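The values are calculated or read from the model by the stated rules, or taken from the named source; none is laboratory data. On a predicted model such as this, the values are computed, not experimentally measured, just so you know. Quick reminder, even Gly has a Cβ in these numbers, built from the backbone with ideal geometry, and neighbours come from all protein chains shown.
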Amino acid sequence: MSGLLPDDQIAVLRKQGFVVARQFASPKQVDALRALAERHLHEHVAPIEYEADLRYPGAPESRSAEGGLTVRRLLSAYARDPLFAKWATDPRIAQWLARYFGEPAVLSTVHHNCVMTKHPAYGSLTGWHQDIRYWSFSDTDLVSCWLALGHETRHNGGLSFIPGSHVAAFTPDQFDDKKFFRDDAPQNAEWIARAVSPDLEAGDVVFFHCRTLHAAQGNRSDRVKLSVVHTYHPQSIQPMPGTRSASSPGVALAS
Ligand SMILES: O=C(O)CCC(=O)C(=O)O
């Protein structure tokens, strides 16, 4: 998938629900974002979501348990430092998304908008899910941009995706009560067998649709994995008033 032109990348996103854009961020951007993320992680700069808050499989029981202060997400990336804001509104992202949406993109400051971390110890795994499950918008054509700040593979908790799942008509019984796609349901087995886990290098970006099923394992390496993640919608799709998705204004991107 390397070397594809933006229009070809967009065609892949439409078809399979995700696409890898190799070396989308420059080494200079990656180094600066990584150094900043590492400092905020080290200093526990708020707001932070801890693994113990989310309690996914592998997470500590509580913040006071052993490993309880393991960070999962450095939240509010856009507001936490101008460097993160600059990346979230990078003109290349804006142009790419405007081409995909056919209109200017808006950054959600509510969903994702974080540095996603995965620690070797106490970093949890994430089951199969569609991001849209708890989001409320007037339509469901949202795209997230996941920037790898280091090597990402299945081994260190990198994402796996199920191609074509973004356009599938799943039934409620294929999901559990927390809206995870059930890996014990026979009718889901064929879907899960199709999963792919793209290896990412620092600077690679994955654009993925909010309906694409994805999951991630724990981190079995000895190094924390760091990724910057933002979600965008076109101007014509708006968060539903009164919902969490509308709880903080979006940022219109210049394109
Ligand atoms: O890094 C992970 O465990 C997966 C994160 C993810 O899929 C999400 O937060 O939507």
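Among the residues of region 85-99, count how many are among the basic types (Lys, Arg), out of contact with any Pro (no Cβ under 8 Å at 6 or more places or on another chain) and more than 16 Å from residue 114 (Cα to Cα).
Number satisfying all stated conditions: 1.
Within region 184-191, identify whether any single residue is closer than 24 Å to residue 232 by Cβ, crowded, with 17+ Cβ neighbours inside 10 Å and touching a residue at least 24 places away in the same chain (Cβ under 8 Å), and answer yes or no. Break it down into steps so the answer makes sense when it comes.
Our first condition is that a residue be closer than 24 Å to residue 232 by Cβ; within region 184-191, this holds for none.
Among the residues of region 184-191, not one is closer than 24 Å to residue 232 by Cβ, crowded, with 17+ Cβ neighbours inside 10 Å and touching a residue at least 24 places away in the same chain (Cβ under 8 Å), which makes the answer no.
Out of 236, 165, 221, 160, report the one residue that is hydroxyl-bearing (Ser, Thr, Tyr), in contact (Cβ under 8 Å) with a residue 40 or more places away in the chain, more than 24 Å from residue 25 (Cβ to Cβ) and within 16 Å of the ligand (Cβ to nearest atom). Please lay out each step first, then the result.
Working: 236 fails: within 16 Å of the ligand (Cβ to nearest atom); 221 fails: more than 24 Å from residue 25 (Cβ to Cβ); 160 fails: more than 24 Å from residue 25 (Cβ to Cβ).
From the options 236, 165, 221, 160, the qualifying one is 165.
Scan region 91-98 and give yes if some residue there is closer than 28 Å to residue 252 by Cβ, of a type in the set (Val, Ile, Thr) and in contact with a helix residue (DSSP H, G or I) (Cβ under 7 Å, 6 or more places away or on another chain), otherwise no.
No: zero hits.
Could you count how many residues in region 48-74 are away from the ligand (no atom under 16 Å from the Cβ) and in contact with a Ser or Thr (Cβ under 9 Å, 6 or more places away or on another chain)?
1
Out of 212, 231, I need the residue that is over 15 Å from residue 163 (Cα atoms) and either touching a residue at least 12 places away in the same chain (Cβ under 8 Å) or part of a loop (DSSP other than H, G, I, E, B) (or both). Which one? Let's see the steps before the verdict.
Values: 212 fails: over 15 Å from residue 163 (Cα atoms).
One residue alone meets the criteria, 231.
Output yes when any residue across region 74-84 is within 16 Å of the chain's Cα centre (by Cα), without any contact (Cβ under 8 Å) to a residue 60 or more places away in the chain and assigned to a strand (DSSP E or B), and no when none is.
Residues of region 74-84 within 16 Å of the chain's Cα centre (by Cα): 74-78, 84.
Subset that is without any contact (Cβ under 8 Å) to a residue 60 or more places away in the chain: 74-76.
Filter again for assigned to a strand (DSSP E or B), leaving 74.
Yes, region 74-84 has at least one match.
Under 6 Å between Cβ atoms, which residue pairs at least 6 apart in sequence (or on different chains) link something in region 95-115 that is more than 17 Å from residue 76 (Cβ to Cβ) with a partner that is modelled with pLDDT of 95 or more and within 16 Å of the ligand (Cβ to nearest atom)?
97/232; 105/232
Can you tell me which residues in region 120-137 are more than 11 Å from the ligand (Cβ to nearest atom) and within 18 Å of the chain's Cα centre (by Cα)?
Residues of region 120-137 that are more than 11 Å from the ligand (Cβ to nearest atom), as a first pass: 120-122, 136-137.
Across region 120-137, the qualifying residues are 136, 137.
Only one of 12, 45 is more than 16 Å from the ligand (Cβ to nearest atom) and in a loop (DSSP other than H, G, I, E, B). Can you tell me which?
45
Can residue 196 be described as loosely packed, with under 14 Cβ neighbours inside 10 Å, within 16 Å of the ligand (Cβ to nearest atom), within 26 Å of residue 93 (Cβ to Cβ) and in contact (Cβ under 8 Å) with a residue 12 or more places away in the chain? Break it down stepwise before answering.
On the way: loosely packed, with under 14 Cβ neighbours inside 10 Å: yes; within 16 Å of the ligand (Cβ to nearest atom): yes; within 26 Å of residue 93 (Cβ to Cβ): yes; in contact (Cβ under 8 Å) with a residue 12 or more places away in the chain: yes.
Yes, satisfied.
Please go through region 15-42 and pick out each residue that is part of a loop (DSSP other than H, G, I, E, B) and charged (D, E, K, R). I'd like the intermediate steps shown before the answer.
Of the residues in region 15-42, the ones part of a loop (DSSP other than H, G, I, E, B) are 17, 22-26.
Of everything in region 15-42, just one residue is part of a loop (DSSP other than H, G, I, E, B) and charged (D, E, K, R), namely 22.
Does region 49-58 contain any residue that is modelled with pLDDT of 95 or more and on the phi > 0 side of the Ramachandran plot?
There is no residue in region 49-58 that is modelled with pLDDT of 95 or more and on the phi > 0 side of the Ramachandran plot.
Return the residue satisfying two criteria in turn: it lies in region 155-170 and is surrounded by fewer than 22 Cβ atoms within 10 Å (Cβ to Cβ) and more than 15 Å from the chain's Cα centre (by Cα), and of such residues it is farthest from residue 238 (Cα to Cα).
Within region 155-170, the first condition is being surrounded by fewer than 22 Cβ atoms within 10 Å (Cβ to Cβ), and the residues that meet it are 155-156, 160, 163-164, 167-170.
Imposing the further condition that a residue be more than 15 Å from the chain's Cα centre (by Cα) reduces the set to 155-156, 163-164, 167-170.
Values: 155: 37, 156: 35, 163: 26, 164: 25, 167: 20, 168: 23, 169: 23, 170: 24 Å.
Here the answer is 155.
Working carefully through the options 99, 80, find the one that is modelled with pLDDT of 95 or more, charged (D, E, K, R) and surrounded by 16 or more Cβ atoms within 10 Å (Cβ to Cβ).
On the way: 99 fails: surrounded by 16 or more Cβ atoms within 10 Å (Cβ to Cβ).
Going through 99, 80 in turn, the sole match is 80.
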